[in-house]
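What follows is one structure encoded as C-alpha cells, with my remarks underneath.
The values are calculated or read from the model by the stated rules, or taken from the named source; none is laboratory data. Bear in mind the structure is a predicted one, so any value in this text is a computation, not a measurement. Here the Cβ positions follow ideal geometry from the backbone for every residue, glycine too, while neighbour counts run over all protein chains shown. Areas reflect the complete protein model, heavy atoms only, side chains present, ligands, DNA and RNA absent. Shrake-Rupley method; radii C 1.70, N 1.55, O 1.52, S 1.80 Å.
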Amino acid sequence: MTSVKEFHIEEEATADSLGAGSFVFTDDYSVFDWGKMPDQIPDKGASLCTMGAFNFELLEEAGVPTHYRGVVENGEVCSLEEASRPPWQMAIDLTQVPKLPNEGREYDYDSYHEAAGENFLIPLEIVFRNRVPIGSSLRRRTEPAEHGLEFEEWPDEPVDLPEPIVEFTTKYEETDRQLDRAEADEIAGKADLEELEDLALEVNRVITEQAAETELVHQDGKIECLYYEGDVGVADVVGTFDENRFSYGATQLSKEVLRQYHKRTQPEWVQAVEAAKARAKQEDIADWKSLCDVEPKPLDERVLKTARNMYCAGTNTYTGLDVFDAPPLSSAIGSVQGL
C-alpha cells in the first residue's frame, strides 16, 4: 500500500530479474505527507490510472524506457485505447525495494545498495520545473539570477523559467529532503545522475508538449526511476494531477488545490503538521506524525464534488479522450475558483 494506491505482486523481483505486478488505484488522497486523508474523491483513482497510462504510452512512442506494461481489464493486460471503461489497475514490471535502515533521521544508504545489487528502485525523486509559482520553495532557496532571470528578487507572481531545471529530493525518508548534487549522486548508487537528469528532462518535454496541445500549462512534476543491469527507466506513475502541477488559464489544476484549501479552512491542522515536522527535525525523530496532536477533518460534499470534476474533466482534456462523465474543464475550473 501507498497512501493512494495498492500494490499487487504476481512475480517477485530478484537480484537478477524484474518481477511483474500492478498498481490498483484508489480514490484516497494525501496532502502534506499525512498519508490517507479522511475522505475519498470519487473517480480519482481511475483518473490517475488513465492519465498515467496515457503518459506512459506517449513516453513509449518517444523511446523513453519505463516499467509500464498496460492497463488491466477483466484480468487481461491491454493498451489504454483497448480498454472499454476507465481503468483503475495498471500492470508494471517490478524491481527491488530493499529496506532503508535508519537511526532517527540518519539513513543508511550503503545498506540499501548492498542489498539492491543490480536491480532496485533508485531512492530519489527527480523534480523538474518549468515555472516558479508563488510559495515555491525554490524562491527561498535560490535567487532569480541563478536561473537566468533578470529580476533582482522574485516578483509576486508566477515566473516562467527560460529553461527547465532539475532537482533531487529523497524518496524513502520520513520527510522529503532537498539534496545537493553530490549527496544525490551518492544516494543514487550505481545509477548515473546525469542520465537521470536527462531522462527527467525528456519526460518533462513530452508532458509539456502534450499539455500545450490542450490549452493546459505544465508547471512542474517529478519522476521516480528504476535501475536494472546498468539501465535506468521511469517507474511509479508520471504526469498526473498528483505528481505534476498544471494550470488552465490562471487557475491551478492539481492536488495543490486541495493543499491550499486545507491551508485556508484547516489552518490549525496545517500548522500542527508544520510544527511536528520542525520538532522531529530538531529532536532527530523520523516519525513526525507521532508528534502531531491534531487530526484533519472531513471535507464537505461540495468540495469533494469539485475535486472529482477537476480530476475527471482535467483528464478528459489532457488526454483528448471522453473517458469520464464530467463537465467541460472551463466549468470545473469555475467551481475550483469558488473554493
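Quick notes on this structure:
- Verdict on Cys78 being modelled with pLDDT of 95 or more and over 28 Å from Thr170 (Cβ atoms): yes
- Residue match in segment 34-43 (condition: at pLDDT below 95 and touching a strand residue (DSSP E or B) at 6+ places or on another chain (Cβ under 6 Å)): yes
- Here Gly21 meets the list (1) under 18 Å from the mean Cα position of the chain (by Cα); (2) surrounded by fewer than 23 Cβ atoms within 10 Å (Cβ to Cβ) almost entirely, failing just condition (1).
- Residue check, Phe7 part of a strand (DSSP E or B) and farther than 23 Å from Ala307 by Cα: yes
- Residue check, Pro155 over 23 Å from Val64 (Cα atoms) and within 20 Å of the chain's Cα centre (by Cα): no
- Qualifying position, being crowded, with 16+ Cβ neighbours inside 10 Å and assigned to a loop (DSSP other than H, G, I, E, B), among Pro38, Pro87: Pro87
- Some residue of segment 20-27 being in a strand (DSSP E or B), under 16 Å from Val323 (Cβ atoms) and touching a strand residue (DSSP E or B) at 6+ places or on another chain (Cβ under 6 Å): yes
- Contacts under 8 angstrom Cβ, first residue in segment 136-160 being more than 23 Å from Leu179 (Cβ to Cβ), partner among the acidic types (Asp, Glu) and open to solvent by 70 Å² or more (accessible area, probe 1.4 Å), 6 or more apart: Glu153/Glu143
- Qualifying residue in segment 85-95 (condition: out of contact with any strand residue (DSSP E or B) (no Cβ under 9 Å at 6 or more places or on another chain) and acidic (Asp, Glu)): no
- Scan of segment 182-211 for residues that are open to solvent by less than 30 Å² (accessible area, probe 1.4 Å), in contact with a Pro (Cβ under 9 Å, 6 or more places away or on another chain) and of a type in the set (Gly, Ala, Ser), ordered by number: Ala188, Ala200
- Of all the criteria given as (1) of a type outside the set (Val, Ile, Thr); (2) crowded, with 19+ Cβ neighbours inside 10 Å; (3) within 17 Å of the chain's Cα centre (by Cα), the one not satisfied by Ala13 is (3).
- Ala191 being outside any loop (DSSP other than H, G, I, E, B), of a type in the set (Gly, Ala, Ser) and either more than 30 Å from Gly117 (Cα to Cα) or in contact (Cβ under 8 Å) with a residue 60 or more places away in the chain (or both): no
- Taking the criterion of being within 28 Å of Thr175 (Cα to Cα) and open to solvent by less than 20 Å² (accessible area, probe 1.4 Å), the residues of segment 293-329 that qualify are Pro296, Leu299, Val303, Leu304, Ala307, Met310, Tyr311.
- In segment 27-49, the residues that are within 15 Å of the chain's Cα centre (by Cα) and under 22 Å from Cys78 (Cα atoms): Lys44, Gly45, Ser47, Leu48, Cys49
- Filtering segment 99-145 to residues that are open to solvent by 20 Å² or more (accessible area, probe 1.4 Å) and of a type in the set (Phe, Trp, Tyr) leaves Tyr107, Tyr109.
- Residue check for Gly75: at positive phi, surrounded by fewer than 21 Cβ atoms within 10 Å (Cβ to Cβ) and touching a residue at least 40 places away in the same chain (Cβ under 8 Å): no
- Verdict on Leu179 being under 20 Å from the mean Cα position of the chain (by Cα), of a type outside the set (Val, Ile, Thr), buried (at least 19 other Cβ atoms within 10 Å of the Cβ) and modelled with pLDDT of 90 or more: no
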